[in-house]
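Right, one structure below, let's go through it.
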Amino acid sequence: MNHSRLKALLGDNKGVSAVEFALIVPVILILLIGMVDLNEALTIHRKLRQVTSTIADLTAQQSELTASTVALTLQGAASLLAPYDRSSLQLVLTVISIDDNAQTVAWSMAYQAVAEEAGATPLFPAPEDLALAGVQMVAVRADYEFTTVFGALTKVFSGREGYAMSDQMYERPRTSDEIVLQ
């Protein structure tokens, strides 16, 4: 190749925009998909927080509850997750008895999960700064496995198809020092 031809080839700007576009578009698409995924995950986490908060609040307002009322409360609160799939949602409502030395499960009920055993040490005990001897504590735990719309694509980058989310909420009873399950 002679010098004049090489100079002409190096000075040719045809197609530069197409090459730049081809290099930038994949990066922009990955960023866009990531933002959509993250936005949806944050929305679901907010809803999960709303579920635990609602269960704890409704339970803390009562001094006596029936098993059917608690079951309906758990089902109703789970519906707050709509329009997202509830099949992987697990809820555990535990009322914890607190004395000077220990925390024990007074009673527990669950939605799509296993309830804690009465008399056992709670799996998620009340934080020490919230615990008052002689006053029960309402504890709610929610676990949710969220599979993203772009799960197959995000698995390439993160190794996971979704997000494992959990939330806990604690409240003291409002009308008495204990909540009785009948």
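Kindly establish whether Ala77 is free of Cβ contacts under 8 Å to residues at least 40 places away in the same chain, on the phi < 0 side of the Ramachandran plot and loosely packed, with under 13 Cβ neighbours inside 10 Å.
No; evaluated as a whole, the condition is false for this residue.
Exactly one condition in (1) closer than 17 Å to Gln168 by Cα; (2) touching a Gly at 6+ places or on another chain (Cβ under 8 Å) is false for Ile98; which is it?
So the condition that Ile98 fails would be (1).
Considering every residue within segment 53-66, establish whether at least one is buried (at least 18 other Cβ atoms within 10 Å of the Cβ) and over 23 Å from Thr175 (Cα atoms).
no
Has segment 148-165 got at least one residue that is of a type in the set (A, V, I, L, M, F, W, C), over 19 Å from Ile44 (Cα atoms) and part of a strand (DSSP E or B)?
no
Testing Leu48 on (1) surrounded by 12 or more Cβ atoms within 10 Å (Cβ to Cβ); (2) out of contact with any Asp or Glu (no Cβ under 9 Å at 6 or more places or on another chain), one condition comes back false. Which one is that?
Of (1) surrounded by 12 or more Cβ atoms within 10 Å (Cβ to Cβ); (2) out of contact with any Asp or Glu (no Cβ under 9 Å at 6 or more places or on another chain), only one is false for Leu48: (2).
Say we look at segment 149-182 and pick out the residues that are of a type in the set (Gly, Ala, Ser) and under 30 Å from Gln136 (Cα atoms); which of these is surrounded by the fewest Cβ atoms within 10 Å (Cβ to Cβ)?
Among them, the one singled out is Ala164.
Since Ala142 meets every condition but one in (1) within 30 Å of Asp37 (Cβ to Cβ); (2) out of contact with any helix residue (DSSP H, G or I) (no Cβ under 8 Å at 6 or more places or on another chain), which condition does it not meet?
Failing condition for Ala142: (2).
Identify the residue in segment 126-148 that is touching a residue at least 24 places away in the same chain (Cβ under 8 Å), charged (D, E, K, R) and surrounded by fewer than 21 Cβ atoms within 10 Å (Cβ to Cβ) and, among all such residues, is nearest to Val105 (Cα to Cα).
Here the residue is Asp143.
Only one of these conditions is not met by Val51: (1) more than 23 Å from the chain's Cα centre (by Cα); (2) within 21 Å of Gly162 (Cα to Cα); (3) among the β-branched types (Val, Ile, Thr). Which number is it?
Just one mismatch for Val51, condition (1).
Rule-based calculations on the coordinates, nothing more; no lab input. Bear in mind that the values here come from a model prediction, so they are computed numbers and not experimental data. For neighbour counting, all protein chains shown are included, and Cβ atoms are generated from backbone atoms with ideal geometry for every residue, glycine included.
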